[in-house]
Each structure stands twice: as structure tokens, then as C-alpha cells.
Amino acid sequence: MMKPHRRNRLGIILFIATGMSVAIGLTLFALSQNINMFYSPTAVANGEVEAGTMFRIGGMVKDGSVDQRRDSLAVRFVTTDYVHDVPIEYEGILPDLFREGQGIVAEGRLDAAGVFQASRVLAKHDENYMSPEVRAAMEQAGANPENHPFRESPED
Amino acid sequence: MIPELGQFSLILAFCLSILLGTLPLAGAATGNGLWMSLGRPLSAGLFVFLGICLFILGHAFVTDDFSVRVVAAQSNSLLPMQYKLTALWGGHEGSFLLWTFMLSGWILAVSVFSGGMPREFVARVLGVLGLLCASYILFMLATSNPFDRMAPVPPADGADLNTALQDIGFIMHPPTLYMGYVGYSVVFAFAVAALLSGRLDAAWARWSRPWANVSWAILTIGIALGSWWAYYELGWGGWWAWDPVENPPLITWLFGAALIHSLAVTEKRRVFKSWTVLLAILAFAGSLLGTFITRSGLLTSVHAFASDPSRGVFILGILGISVGGALLLYAFRAPLIKSEFGFGPLSREVFLLANNIILVVAAASVFLGTLFPMFYQALTGDLISIGPPYFNLIFAPLMIVLVMLLGIGPISRWKKTSGSYLRRQLGKLALASLALGVALPLIVLLEISLPATIAVALALWIVLTIGRDLLAKTANKPGRWQGLRSLTYGYYGMQGAHFGVAVMLVGVALTSWFSTETSVLLRPGETVALGNYEFRFDGSERVAGPNYQADRATVLVTRSGAPVADLYPELRVYLASGTPSTEMAIDAGLTRDLFVTPGEIRDNGAWTMTVYVKPFVRWIWLGAIIMSLGAALAAADRRYRKLAGRRRESAAASSPGGQGGLQPAPGVGS
């Protein structure tokens, strides 16, 4: 027989170990269920995303593409990385700094027609700030940095 | 000329902090009393010179000195005075100066309120804090000097403060948050000083407790203010977004809450010693992580200051050296620390251990969710984001278990509690909270709702167990009133903070589950119904503010025809920067908030807007305030002062250690 305090100590250690493994299991499960991948318009145009998957898309709002319904909140616009375009449909109120020519990130799914149905549209608070996601999307697409003001040399 | 004086003062403060970071530590190591005694005057000097820096920078903002780069970047001559002053912490440089100044304030507080501690210990604490302060000032001088000038020609006017920051929330939230954050430097310094001296005893835990409590109390308010501000300013109707910059304060807060409980065990029972030290280091690491994330621009966030990689590397260096050094020291010392291990499987120690495990797991999972996208990108090159569902999925079950244990912990006894005693004390209360948890939502909503039942049952569980414990603690006294008076501040602080948890729990659960919203396009005169309320749009008018123009809508809210509130949301355009900004309109109430976010104005005078009904949302911040007051009350417990005084008398005679004579105290927080 173990000494009582040894047994207690073993009990406590088992208790901690069980608690920790349950927690880690729960965490990893939750993590695996909630990862949203980010894709550039080029990646979407190349068919890298299956219809129906939840993901984020980022790019610039194409000039002259915003088509707002007069009598409802439905809006349609095109996001671009200056290589490929993806049409986006959204029903709701757009953020303050949503403009043509500004970078945005939208969250949602592709429908069968290849239109991105957004459940959320994000723009940034600062006029001068471009989301790293949008910038990365531009770089991945190989868009010529000279053509737009957000120049940053690709690293990898 | 004046800003150069600020620069000069900053350099002097740097020299003082270097002295503070070396002489007292060296004195404590060699037993040199003179060097140790320099700690207090140097702390005062550091505070004064950093205060001068802050004053001079504030002066530059108030007098519109646009030759100073940060003033030109963040202020404007049209800005109302209160925002000119607070624009100081609207950018990276100024806010870091504020942060460093607050550290010097905490250092001064330690040097003043440490009369009862041995001089070697005080010298080490002040020395560690001095080193930390030196590294912060060096960081400013090297990468982010707040007194930089615009060369060669200063602009005629400034670029203006970000419009989202022109708000009372911005005046209050950053300083409070920083104050709480920086408080963990003190707790950290206490831990490192104890590790240096090799004396991790009950005395160390008792000295640390008031500081850990006060830091936590302030941090709680800081986070709550941020949440409240985001709620009414950002206008998405939420109070917590799991934003990468919201999370580090929460991580620190969770570690801090664990630390408060673990310190109690270490002081009372002299167990969990090495664990407690580790928590103190982790809480501090959390606070630096927050700075790192905001100032490195590493993660996408609404909070991010303009990014500059060199700053990130520098802060990472501070983080690595301070936390890495402390952990190294810990690795050498921890094996030497002996914890007695005298408690059974059902005892208050075990319940507090469970509390600590849950809080630390929660902190770790927030940490993982916050930084996982970064690691993932480094490994695969793919960009991902982790959504709120991840955090909610983890947090909800953890907090439910935590709250169940919260009811049992204070009633259980140190060392050993019998299961039958707990059943006798708590069995009926558990049944009662469950029954009421089912009944109350049924009566109010006329339907069975699992989330409401869980929330109400858990909140009642907390409240009923607090009541039971109060009865038990006063049962043996001649009168109730005398009994209540004999309980300590520490005890009331603990129960108060726990009651705050109950209040917050109700708010979080009911708001998350029962909030409703709808986005609509309304022409003047049109009405939208939401829940029991009708929102009628009555047209809009042009109004002029001090530094903006606005269109103001009138929205009349009625409930079954009876008027409830008039709401006036605004669409503003700030004159200096031309930035548009939306101003929500809220009718706040104890049981519900009515909330209108304006969208845009169409050609025909119609507005798009989102209307919300948010039940019990105020209880979230009310709960935070109660928790914070509880922690502050516990820190004010007389015994910290009394023992400090007693120690002062006997400090010369004996070394600390023999604290065995403490009377068994009624509660964790006592």
C-alpha cells in the first residue's frame, strides 16, 4: 500500500492530468472547427476554394463596381487584386470606410454561380491602413506594386 | 526649446533608472546598506523626471506645437481641449511615455508602501523595477522618441486625432488599462526578488497580495471600459469581439485572477509556492505580450498602431530578457523550494487548485487562438483567422465548471473537508438554484430556454452559497450584526468579487442569447418592429458640432404604442480630416438597451440603420465594477497594514519566516 499522502498526491496529479487533457482535446477540436482560410481573388478564380466552404476573401473594391439597390440593403460589388475579379453580394450596412478603391476583407461563402455571398464585410478604421491580409493577397497575385500605392516587397 | 527639455528630462530619467536598476541590487547582493537605501530616493527622482516629460509633452499638445512630430500626427487646432490633452496617448510614442510614467508611479508606490518589508527585499524589488523602467526608456530613446521634431518646416496644422478616439471612452480606457497592466510589473518584481533571495515564504505571498489585488482591480475596470467603449462607439452591437488586441488583457486578467487565489493558498497553507511564482511571471508576460501585439503591427486589428518592425523586435527583446531571465532563475530556484503537502482530496486547497487549472487553461486557449494564425502563417504561408465561435466554445464550458466550483470553494475547509459536510451545506442550495433556474425564465419568457436556465441557476448558485456562508460565519456570534462586523475586509472583498461574477454571468449569458437586431432601410415616417418595441424614423436634420458637421436622425421608440425613448443617431464628418464617423444612439436600462446604428443616407432622405434590443447588457460592466471593488476591498484589509507595522518593529531583530502564528482566517480573500 502507498502511504496516504503519496496516494493523495497521485490523485491530485491524475486530476490535473485528466483536466489538462480534456481541456487540450476540447481546445484542439474547437480550433479545428473554426479556422477560416483567407484567399485572394486570384486563388478563388483559379478554383482553389470549393463552393460552400466558409472563408475570407480580401482585395480592393473595384472602381465603379458598387451597385446599391435603391429600395433595400442589398449591395453588389467586385473585389479585385488587379489580376482577377470576384463579385460579392452582401445584404446589410457597409462600414464607414467602405469605398471604391479601398481594401476590404469579406467573410462568407461562394455560391454555385461563383458569386461570393458575404455575411460580414470589414474595412479598416484608418484611411492610410491596409490590412496585412489584403496586402498579402496583392503580393500573392503578383500585382505590380508600381500600379498601386501600397508598395511592399514580397519576402518569400 | 521646451520639447528639448522634455528630451533632456527623459535622458536624465534613463540615467536614474539605470542607477535604480543596479545599485540597490548590488547592495542587496553584497550587504551594502548605503546602496540599498538609494532605492527610495532614486524611485522618487525617476517619478519626477518622467512626470516632467509627460507634462512637457502634454504642454506641446495643449499649445498646438505642431513642430513636435507626434502632435502634428495626432492633434489639430480645432480639436476640443480635452481631446488635445488626451491625444497624447492616441499614438504609439505618447502612449508609451504614459505607460512608462505609470510604471514609475507604481515604483514610487512600492517605495512608499514597503515600510514593513526587509530592506534587502525592497532593494531587490525596486532594482528589478528600475531595470524594467530603464529598458522602456531605452526603447523610447532608440525607436520612438515622443519629442522628435518635424524637420525642417513644421506643418501649419495637425493631421487630427482619429475620429473614433474623440470620445470619453478614449479618455478613460487606455490610462486605466495601462495602470492595471503595469501593476503586474510590481507583482513580477516581487516574485523575482523572492527568487533572488531564495526565500519564497508566506511573508512574500502576503506582501504580494495587496499589489496583485489592486492591479487586478484596475485591470478589470480597464478591460470593462474598453468593452463598454467598443460597444457604443464601434456600433456593431457587441461588447467583446475576441480581437487579437482585446485578448492579451484578458489573458493577463485570467492569470491575475488565478494568481490572487494561488497567493491566498501560498500564504495560508504554504503550498503551491513555485506555482504561484510561475503565475506571477506569466501574468507579467501577458501584459508585455499585449504591448508587443499592439505595437508591433504583427496581427490584424483595429487597435494596431502604425507598424514598425524594429519596435516589435525591441519589445520582443524586453519580453525575452525579462521573462526568460525570470524563468531561468525560476528553473534554478524552484527545485529548492519545498512545499509542504498536507491536504486531502476534498479540501479548499484542491478547489483552489481546480480554479487555477481552469483559469490557466482558459488563458492558454485564448493565447493559442490569438497567436495561432501567426504561427500558422509562419509554418505554411497561408493566412487564416480564428473566429469568435472558437473562443465561445472553449469559454462557455470552462466558465460553467468554474462557477460551480466557485460556490463550493469558500464553504469548504482547508486541509480536509468531508463530502457529507459539503452535501449538508450545499445540497439544498444546489436544488433550489436549479429549480429557480427553470422556473424564473419560464415565468418571464413563457417558454423553456436552456441558456437562460443555465445562467439563472448558476448566478443563483453563487448568490445562495454566499448567503449560506455569511450565515455560517456569523452563527456563533452573539448577534448577527456583531457577527457581520467581525468579518474582515478580505472576506467581504472575496464575496463581493464572487457576487460580481454572478452579475456578469447573467449579463453575458442573456445578452449573448437573447439580443435581437435588424438592418433596415427607412424613409421618414416609416416604422420597424423588433421584439416588443417599434422604432419610428422621424426624419433628419443638419447640425454643427465643434469640429464636425452632422446629419442627425430622430428615432422614436415605443412599446405597444407607449413612448419609451427618443434616439438621435448621427452621421458625422470631421472637418480637419474629412473622415466620416457614425454615432450610435443608445437608451440604456438595467434590463435592456435600445440601440440604433446609422448606416448611410440615400438620395430620397431614407436612412439605412441597424436597430438592436440587448437585454441585460449593462450587467456585464456592472459585474466587472463589483468584482473590481471586491478586489480593492480585499487589498484594503487591515491585516496587511497591521502586520506591516508589526514587522517594522521587529525587522531589525529577526529575519522573516516564522509566520506560523496567524489565526485561521474565514475566507480566501481575508
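No lab work stands behind these numbers, since they all come straight from the coordinates. Since we're looking at a predicted model, the values are computed, not measured. Every residue, glycine among them, receives a Cβ derived from its backbone with ideal geometry; neighbour counts consider all protein chains shown.
Shape class for chain B: oblate, because the ratio a/c of the largest to smallest gyration tensor axis (alpha-carbon atoms, square roots of eigenvalues) is 1.5 or more and b/c is at least a/b. Cβ crowding within 10 Å ranks B:Ile260, B:Ile293 as B:Ile293, B:Ile260, fewest other Cβ atoms first. For the protein assembly as shown, the residue among B:Gly158, B:Leu522, B:Val122 whose Cα projects farthest onto the positive side of the dipole built from Cβ charges is B:Val122.
Inter-chain neighbour count for A:24-33: the average number of beta-carbon atoms from partner chains within 10 Å of each residue's beta-carbon is 5. Using only helices, what value at 222 nm comes out for chain B when you add -39,500 (n - 2.57) per DSSP H run of length 4 or more and divide by the total residues, to the nearest 500 deg cm²/dmol? Helix contribution divided over all residues of chain B: -21500 deg cm²/dmol. Note on the stretch B:567-622 and the stretch B:102-135: Cα centroid distance 46 Å, given to the nearest whole angstrom.
From most to least packed by mean Cβ count within 10 Å, the peptides B:587-598, A:45-56, B:65-76 give B:65-76, B:587-598, A:45-56.
Per residue of peptide A:89-95, the mean number of Cβ atoms on other chains within 10 Å of the residue Cβ is 4.
For the stretch B:207-223, backbone phi angles converted through the Karplus equation (6.51, -1.76, 1.60; θ = phi - 60°) give residue-by-residue couplings of 5, 6, 4, x, 5, 5, 5, 5, 4, 5, 4, 5, 4, 4, 5, x, 5 Hz, Gly and Pro being listed as x. As a proxy for reagent exposure, B:Trp513, B:Trp461, B:Trp621 were ordered by neighbouring Cβ count within 10 angstrom, fewest first; the result is B:Trp513, B:Trp621, B:Trp461.
Towards the positive end of the charge dipole of the stretch B:395-540, with charges on Cβ (+1 Lys, Arg; -1 Asp, Glu), say which of B:Gly409, B:Pro397, B:Trp461 has the farthest Cα. Selected residue: B:Gly409.
Between the amide H of B:Phe595 and those of B:Asp587, B:Tyr612, distances stay under 5 Å, these residues lying 5 or more places away or on another chain, with hydrogens modeled in the peptide plane.
Residues B:Ser412, A:Ser119, ranked from the fewest to the most other C-beta atoms within 10 Å, line up as A:Ser119, B:Ser412.
Under 5 Å from the amide H of B:Leu575 lie the amide H atoms of B:Tyr548, B:Gln549, each residue being 5 or more positions distant or on a separate chain, with H modelled from the backbone and absent for Pro and chain starts. Is there a pair in B:Lys273/B:Lys338; B:Lys268/B:Lys416; B:Lys273/B:Lys473; B:Lys273/B:Lys415; B:Lys268/B:Lys415 whose C-alpha atoms are over 19 Å apart, and which pairs would that be? Check vs 19 Å cut-off fails for B:Lys273/B:Lys473.
Using Cβ point charges alone (K and R +1, D and E -1), the dipole size of the stretch B:516-616 about the Cα centre works out to roughly 80 debye. When DSSP beta bridges are restricted to pairs lying wholly in the protein assembly as shown, around 90% turn out antiparallel.
Here the Karplus curve 6.51 cos²θ - 1.76 cosθ + 1.60, taken at θ = phi - 60°, turns the phi angles of the stretch B:453-465 into couplings of 4, 4, 4, 5, 4, 5, 5, 5, 4, 4, 5, 5, 5 Hz, with x standing for Gly and Pro.
The reciprocal of the average 1/r between distinct C-alpha atoms defines the Kirkwood hydrodynamic radius, which for the protein assembly as shown equals 29.0 Å. Each residue of the stretch B:479-493 was assigned a 3J(HN,Hα) from its phi angle through the Karplus expression (A = 6.51, B = -1.76, C = 1.60, θ = phi - 60°), giving x, 4, 4, 4, x, 5, 6, 7, 6, 7, 4, x, 5, 4, x Hz with x at Gly and Pro. In this structure, the amide hydrogen of B:Leu383, modeled 1.01 Å from its nitrogen in the peptide plane, lies closer than 5 angstrom to those of A:Phe38, counting only residues at least 5 positions away or on a different chain. Sequence-distant contacts, meaning Cα pairs under 8 Å at least 6 residues apart, place the relative contact order of chain B at 13 percent.
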